[in-house]
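Read the structure below first, then the notes.
The values are calculated or read from the model by the stated rules, or taken from the named source; none is laboratory data. Treat the numbers as computed from the prediction; the structure is a model and nothing was measured. Glycine gets a Cβ as well: all are built from the backbone with ideal geometry, and neighbour counts include every protein chain shown.
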Amino acid sequence: MVSPGVVGFLGDKISMENSLSRVLDVESLCVTHYVRRTSARRVPLHAVAGVDMHIQSGEIVGLVGESGSGKSSLSLAIAALGKVTSGKIQVSGHDLTRLRGKSLRHARADVQMVFQDPHASLDPRQTIGGGLNEIRKLHSGRVSKLTNEELLLRVGLSPGILDRVPSQISGGQAQRVSITRAMMLQPALLIADEPTSGLDASVQAQIIDLFRTLRVDSGLSILFVSHNLAVVRQLCDRAYVMKEGVVVESGDTKTIFESPKHSYTKLLIDAVPGKNLKLAESGL
Amino acid sequence: MKFFRYTLKKLGGALITLVLAASLAFFISHLAGDPTVQMLGMSATPEQIAELKAELGFDRPLVVQYGSFINELAHADLGQSLYAGESNFALIQSRIWASIQLTMVAMVLGVVLGIPLGVYAAAREGRLADRVISSLAILGQSIPVFWLGLMLVLLFSITLNWLPAGLSGDWKNLVLPAVTLATIPLARVSRLTRAAMSNTLEDQFITAARARGLGNKRVLFVHALKNASLPVVTLIGMQMGILLSGAITVETVFAWPGLGSLATQAVRNQDLTLVQALVVYGAFLFVIINLFVELLYGVLDPRIRDARQQ
């Protein structure tokens, strides 16, 4: 997928060896929330009920399912931001579930997340440049050597926006800023949680293209969480289909879409507007 | 240019507020009855009363009196005190320093303790620490300050004999009234900070900040608190106005020579013009503090700044 010696997005060399290793290994992960229903008693809700998942370096893997299927609980747990009830999450060989305090905060840099609502994921009071500098200061050891201006140019943004605050830039620009913030930490894995659903169709296509470029340029692994099957089919090498906290189907994107085995997967594919996935073919 | 127009609009609004407050003070204090009877005592003859009325201008029609009151205000003249025979401005000036001292110490205590307590409670929402802090805040807001003041006097002045029970002097005299007065801003600031923080902490940019590996302190105090600060700043401004225009109960309990006890005396003596002057002064303070707080909004929130410039 990535040839040896290629100079990546952040200007460092990526070796062949790295591109074959596993960046993510999830073993029988369970996340149980206790929610109050009508009664005063708290009822356990098994958001993630024994999920196994792995991602190789340089892979783009889709995670699909309707809302409430456990996608978000799973991705938050992988990013060390959510609760883990039992199971194991290994990122580049480190077990995230065992880390606490400072070492946990450092490990979080390994998995970066891009969120659904690009404006909501930026501090409204902080300039774009201020946000980038904050990360530089915090992770001075691992942060990219490129300047803020160079980083922005790589994601197709003008350095002129460094002095602006989030309300002064568009949704597409804000999402590129989020991607820059994530990428400057040189993470092993990028989790993109519905990164395009808040954007216009034309901007969606540009962001999808940017993810592709990132993968080719720096061998980045991406977990792409979405309910937009057309985009998943276009972008992802493999996909996991989740329902009620368990993975019901996984495998090559092509296989899943052409001959879905599980009835739920079939249902999801049938629910896509324009059943033949014309959207996907039109290049979105 | 746009900022100029914005400022002009705000100043116009402030002026209208002042005139309304002054008018209200004028008419309500004239409803309270004739001050001349009280001033001369029960034995005064109708002739004496009529003479005093003519001397003070109370025999003129109400509208004329109102007109001259507003006219004096327009010339920054707060009038003469009926009782003390001094200018109201001089009376206010003689008490204002004591009020500023008391207010500042109480506000600093309230803000310096209230904000961190509110932040901590929001960070531990639903846990024991939150419940303890929230309950104490409700308690602090509900306790009548005169009762709390008396209890503190009982404990620290009478039983332990550590601190003086009243009057002004050195810093020791300030401790009990300031602590008593501080419970009000402390309880309100901590409650509002907790509420505003707990909303902000659910925002996605907070999760995003944690995802980048930011420490808890930085997330709470830099990102969340800055975004939750707008309502808290407004509240602090309002509290400041209330306390500066006279903490009536606390000043009475501790015989503190500030504007609050001046107001109590003025009412007791039916010193009509002094009451009016104090109300106008209070309204003036509120208007000035509000203008300042609104300017601060623009500094705290770039979105508001942008909206003003457009």
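Candidates are the residues of the stretch A:119-162 that are among the charged types (D, E, K, R) and over 21 Å from B:GLY298 (Cβ atoms); the one that is surrounded by the most Cβ atoms within 10 Å (Cβ to Cβ) is A:ARG154.
Here's the yes/no breakdown for (1) surrounded by fewer than 18 Cβ atoms within 10 Å (Cβ to Cβ); (2) in contact with a Leu (Cβ under 8 Å, 6 or more places away or on another chain); (3) at pLDDT below 90:
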{"residue": "A:VAL6", "(1), (2), (3)": "yes, no, yes"}
{"residue": "A:GLY11", "(1), (2), (3)": "yes, yes, yes"}
{"residue": "A:MET16", "(1), (2), (3)": "yes, no, yes"}
{"residue": "A:HIS33", "(1), (2), (3)": "yes, yes, yes"}
{"residue": "A:ARG42", "(1), (2), (3)": "yes, no, yes"}
{"residue": "A:GLN56", "(1), (2), (3)": "yes, yes, no"}
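Do we find that B:THR264 is in contact with a Gly (Cβ under 8 Å, 6 or more places away or on another chain) and not acidic (Asp, Glu) in this structure? Spelling it out, it is not the case that B:THR264 is in contact with a Gly (Cβ under 8 Å, 6 or more places away or on another chain) and not acidic (Asp, Glu).
Listed here are the residues, each with its yes/no results for (1) in a helix (DSSP H, G or I); (2) at pLDDT below 85; (3) farther than 30 Å from B:PHE292 by Cα; (4) touching a Cys at 6+ places or on another chain (Cβ under 6 Å).
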| position | (1), (2), (3), (4) |
| --- | --- |
| B:ARG5 | yes, yes, no, no |
| B:LEU15 | yes, no, no, no |
| B:LEU18 | yes, no, no, no |
| B:ALA21 | yes, no, no, no |
| B:ILE49 | yes, yes, yes, no |
| B:ALA54 | yes, yes, yes, no |
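Among the candidates B:ALA277, B:ALA211, the residue that is touching a helix residue (DSSP H, G or I) at 6+ places or on another chain (Cβ under 9 Å), within 28 Å of A:LEU132 (Cα to Cα) and either within 14 Å of another protein chain (Cβ to nearest Cβ) or surrounded by 19 or more Cβ atoms within 10 Å (Cβ to Cβ) (or both) is uniquely B:ALA211.
Restricting the first member to the stretch B:42-61 and to residues that are surrounded by 10 or more Cβ atoms within 10 Å (Cβ to Cβ), and the second to residues that are of a type in the set (Phe, Trp, Tyr), the beta-carbon pairs closer than 9 Å and six or more apart or on different chains are B:LEU52/B:PHE58. Picking from residues in the stretch A:163-174 that are assigned to a helix (DSSP H, G or I) and within 12 Å of chain B (Cβ to nearest Cβ), the one that is surrounded by the fewest Cβ atoms within 10 Å (Cβ to Cβ) is A:ASP163. Residue-level check: of (1) modelled with pLDDT of 90 or more; (2) within 14 Å of another protein chain (Cβ to nearest Cβ); (3) closer than 30 Å to A:LYS102 by Cβ, B:SER198 misses just (2). Selection of strands (runs of 3 or more DSSP E) fully inside the stretch A:199-284 by the criterion of at least 1 residues being aromatic (Phe, Trp, Tyr) and at pLDDT 90 or above returns A:221-225, A:238-243. Within the stretch A:102-134, the set of residues being outside any loop (DSSP other than H, G, I, E, B) and either at pLDDT 90 or above or more than 9 Å from every other protein chain (Cβ to nearest Cβ) (or both) comprises A:SER103, A:VAL111, A:GLN112, A:MET113, A:VAL114, A:ILE128, A:GLY129, A:GLY130, A:GLY131, A:LEU132, A:ASN133, A:GLU134. Annotation: of all residues in the stretch A:138-150 being touching a helix residue (DSSP H, G or I) at 6+ places or on another chain (Cβ under 9 Å) and touching a residue at least 60 places away in the same chain (Cβ under 8 Å), the one that is nearest to the other protein chains (Cβ to nearest Cβ) is A:SER144.
Residue by residue, here is whether (1) away from chain A (no Cβ under 14 Å); (2) under 30 Å from B:ASN173 (Cα atoms); (3) modelled with pLDDT of 90 or more holds:
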| site | (1), (2), (3) |
| --- | --- |
| B:ALA228 | no, no, yes |
| B:PRO231 | yes, no, yes |
| B:LEU291 | yes, no, no |
| B:ARG305 | no, no, no |
